[in-house]
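Participant: Pasting a structure below so you can have a look.
Values quoted throughout were computed directly from the atomic coordinates according to the rules given, and no laboratory measurement underlies them. None of the values given here were measured: they were computed from a predicted structure.
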Amino acid sequence: MDNERIREFCLALPHVSETLNWGHHLVYWAGDRDIGGKMFAMTDLDGTGTGVLWFHCGAERFHELLEIEGIIASPYLAKAHWVTVERWDALSPRQVEDELRRAHALIFEKLPKRTKAVLAMAEKDRAKLIRERKKTLKARSARSGGTRKKTPPKAGARRWK
């Protein structure tokens, strides 16, 4: 298993998008993050970080996976039941695919109803809505000088239009 096979597999799952975050992590999202999608896995592209693959596994599977040599609790994400695969041979390719499929399903299940409604739209309509949302976020970022507000939204507030 390697980054390219992971990328090919993840992008074949329904409603998956990818971003490059933190300089060298390829992050896979269930749903586009600009419409409320959530990340379910990530890989280290340049090999400078801890491990080669991180993914969400759920509370039940978390402790089982930690018993496998070469798998550790993910720094900063263990509380949310994420594990880090330290090397590619810690799991077989089939096991990696099964775990990523499970991670995607767990995260997709947790998406807000509104995000799921957008993902259920026809491809053309969904793409248009996402483009418009990205333009809105970019304009808002430019107006605020590139910084986001740190205050939490009010109860019942919409996350996006």
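Participant: Using the structure shown, select from Lys110/Lys138; Lys79/Lys116; Lys38/Lys134; Lys79/Lys110; Lys38/Lys116; Lys38/Lys113 the pairs with a Cα to Cα distance greater than 23 angstrom. Show your work: numbers first, answer last.
Facilitator: On the way: Lys110/Lys138 26 Å; Lys79/Lys116 25 Å; Lys38/Lys134 16 Å; Lys79/Lys110 16 Å; Lys38/Lys116 12 Å; Lys38/Lys113 13 Å.
Exceeds cut-off: Lys110/Lys138; Lys79/Lys116.
Participant: Compute the separation of the alpha-carbon centres of the stretch 80-139 and the stretch 11-59 and state it in Å as a whole number.
Facilitator: 8 Å
Participant: Also: Report the gain in length on full extension from Gln95 to Arg143: 0.36 nm times residue separation, minus Cα-Cα distance, nm rounded to one decimal. List each step's numbers first, then the result.
Facilitator: Numbers: separation 48, 0.36 × 48 = 17.28 nm, distance 4.62 nm.
Length gained, Gln95 through Arg143: 12.7 nm.
Participant: Residue by residue through the stretch 126-136, what is 3J(HN,Hα) from phi via Karplus (6.51 cos²θ - 1.76 cosθ + 1.60, θ = phi - 60°)? Round to whole Hz and write x for glycine and proline.
Facilitator: Here the 3J(HN,Hα) series is 5, 4, 5, 4, 5, 4, 4, 5, 5, 4, 4 Hz.
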